[in-house]
Amino acid sequence: MRRRPLLLAATAIALACLPALHADVADSVAAGISRSSYTHYLDDVLYTHDGDDRGFGAEHNLARDAIYAQFATFGLQTSLDPFTYSGSTYYNVVATIPGRTRPDDIYVIGAHYDSVNNPGADDNASGVAGVLEIARVAADYWWDATLVLIAFDREEQGLIGSQAWVDEHLSDNIVGMISLDMIAWNPAGLRHDWVRVYAGSDYWVHRSEVAAAIEAYSSLTALPCKDLRASDHVPFEDAGFPGAMVIEESHGTNPHYHQPEDSVDSADYIDYAFATEVTRGIAGWTAQYAGATETPEPGTLLLVAAGVACLAWRRRTAA
Ligand SMILES: [Zn+2]
């Protein structure tokens, strides 16, 4: 009879360890990416309808505050990181999930939320909706490394917000960065359901890993490309951090690029299923490299507590 508490304790601790044994946590992170949730962020949160102006219009600040509120709703450490552009203060919106076992390794997933004085549905609320959806799913896991999710401002004026953020974090150990920039225009054609991954020559390993993860965790084809120095990954690359830009294959033929019609209201325009798949691939990459672990169920935590209590009781009675 004296062995029963010890047996209970061992069983409880073994059960508690079961989630960590799941070899396919990255698959479950990717599977958690939801098209309806992505669509909600793009259509209902980010001011992407006809007439909206996320450049310097009223909707710019409304979108910024809505992104902040979403990150906070997920329970993440959230901040508005200020910088100056043309004499005025602007803000990157930053959410952080501290890593548990290698917190100094930092992975950054970013997308710019400013537009060119238009609704900016594809450029680039599509990327921001992806970041929000990854944040929503990621918040339910434990992470080995630290995740930093950023909605950058003033990309369209020359990567101003991302450059400012990088300048403040030059001594950090940023081991991987992805900029999602235009991920929802996917017209029928030869390269339907293709996505491009751009990176500089110093970062082709990172580029290959991102492309491979997109193909592993989504239904898409990913095409590694020489760098396109036109998004928020560039300040990271220039500072020596592995950066990459993920963008729709057909971005060069987007008829509404930087036009008032870059709106979710434009007919036959936004491909929500495609954008969701891109997001799923990036979520899989994040989980694979930053190390996601399923959090124990509350019942498991109770078992652990019971196990620890049993061990303590066993020690006291044995003493
Ligand atoms: Zn853009």
(message) If I fit a long axis through the Cα atoms of helix 4-17 and take the longest principal axis of the Cα atoms of the chain, what angle between them do I get, 0 to 90°, rounded to 10?
(response) 10
(message) Testing the spin-label approximation: label points 7 Å from Cα along Cα→Cβ at HIS258 and ASP65. State their distance in nm.
(response) 3.0
(message) Just want to confirm a number: the relative contact order over the chain, from Cα pairs under 8 angstrom separated by 6+ residues, in percent.
(response) 26
(request) First check a/c for segment 142-300, with a ≥ b ≥ c the square roots of the eigenvalues of its C-alpha gyration tensor; if it is under 1.5, answer rounded, and if not, answer prolate when a/b is larger than b/c or oblate otherwise. (result) oblate
(request) Report the FRET efficiency, 1/(1 + (r/R0)^6), for ARG35 and SER171, where r is their Cβ-Cβ distance and R0 is 22 Å, rounded to 0.05. (result) 0.05
(message) Please compute the modelled spin-label separation between ASP27 and THR96, points set 7 Å along Cα→Cβ, answer in nm with one decimal.
(response) 3.4
(message) Which of rounded, prolate or oblate describes segment 4-318 when judged by the alpha-carbon gyration tensor and an a/c cut-off of 1.5?
(response) prolate
(request) Run the quick spin-label model on ASP44 and CYS225: label points 7 Å from Cα toward the beta carbon, then report their separation in nm to one decimal. (result) 3.3
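By its C-alpha gyration tensor, with a ≥ b ≥ c as the square roots of the eigenvalues, how is segment 229-286 shaped: rounded for a/c under 1.5, else prolate for a/b larger than b/c, else oblate?
On the way: a/c = 3.14, a/b = 1.54, b/c = 2.04.
Oblate, because a/c is 1.5 or more while a/b does not exceed b/c.
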(message) Angle check, please: helix 272-290 long axis (alpha carbons) against the longest principal axis of the chain (alpha carbons), in degrees 0 to 90, nearest 10.
(response) 50
(request) Mind putting a number on the dipole of the chain about its Cα centre? Charges go on the C-beta only, +1 for Lys and Arg and -1 for Asp and Glu, and I need it in Debye to the nearest 20. (result) 2460
(request) Can you tell me the order of 189-201, 141-153 when each peptide is scored by its average per-residue count of other Cβ atoms within 10 angstrom, highest first? (result) 141-153, 189-201
(request) Over the chain, average the accessible area per residue using a 1.4 Å probe and give it in Å², no decimals. (result) 43
(request) Go through 174-183, 39-48, 262-271 and give me the packing order, highest mean Cβ count within 10 Å leading. (result) 174-183, 39-48, 262-271
(message) Tell me the net charge near ASP144. Cut-off is 10 Å between Cβ atoms, ASP144 excluded, with +1 for each Lys or Arg and -1 for each Asp or Glu.
(response) +1
(request) Return the carbon/sulfur percentage of the accessible area of the chain, one whole number, probe 1.4 Å, all protein chains in place. (result) 54
(request) Could you go through segment 305-311 in sequence order and give the Karplus-derived ³J(HN,Hα) for each residue, using 6.51 cos²θ - 1.76 cosθ + 1.60 with θ = phi - 60°, rounded to whole Hz, and x for Gly and Pro? (result) 4, 5, x, 5, 4, 5, 4
(request) Just subtract the alpha-carbon distance of PHE56 and SER79 from 0.36 nm times their residue separation and send over the number in nm, one decimal. (result) 6.2 nm
(request) Have a look at the DSSP beta bridges in segment 4-318 and tell me what percent are antiparallel, nearest 5. (result) 45
(request) Please turn the phi angles of segment 133-146 into ³J(HN,Hα) values with the Karplus equation 6.51 cos²θ - 1.76 cosθ + 1.60 (θ = phi - 60°), one per residue in order, whole Hz, x for glycine and proline. (result) 5, 4, 4, 4, 6, 4, 4, 8, 10, 8, 10, 5, 8, 8
(request) Taking the dipole about the Cα centre of segment 4-318, with the C-beta of Lys and Arg at +1 and of Asp and Glu at -1, give me whichever of PRO98, VAL108, THR276 is farthest to the positive side. (result) PRO98
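The values are calculated or read from the model by the stated rules, or taken from the named source; none is laboratory data. Note that the coordinates shown come from a computational prediction; the quantities given were computed from them, not determined experimentally. Positions of Cβ are backbone-derived with ideal geometry, glycine not excepted, and every protein chain shown enters the neighbour counts. What goes into the accessible areas is simple: the full protein's heavy atoms, side chains included, and nothing from ligands, DNA or RNA. Shrake-Rupley method; radii C 1.70, N 1.55, O 1.52, S 1.80 Å.
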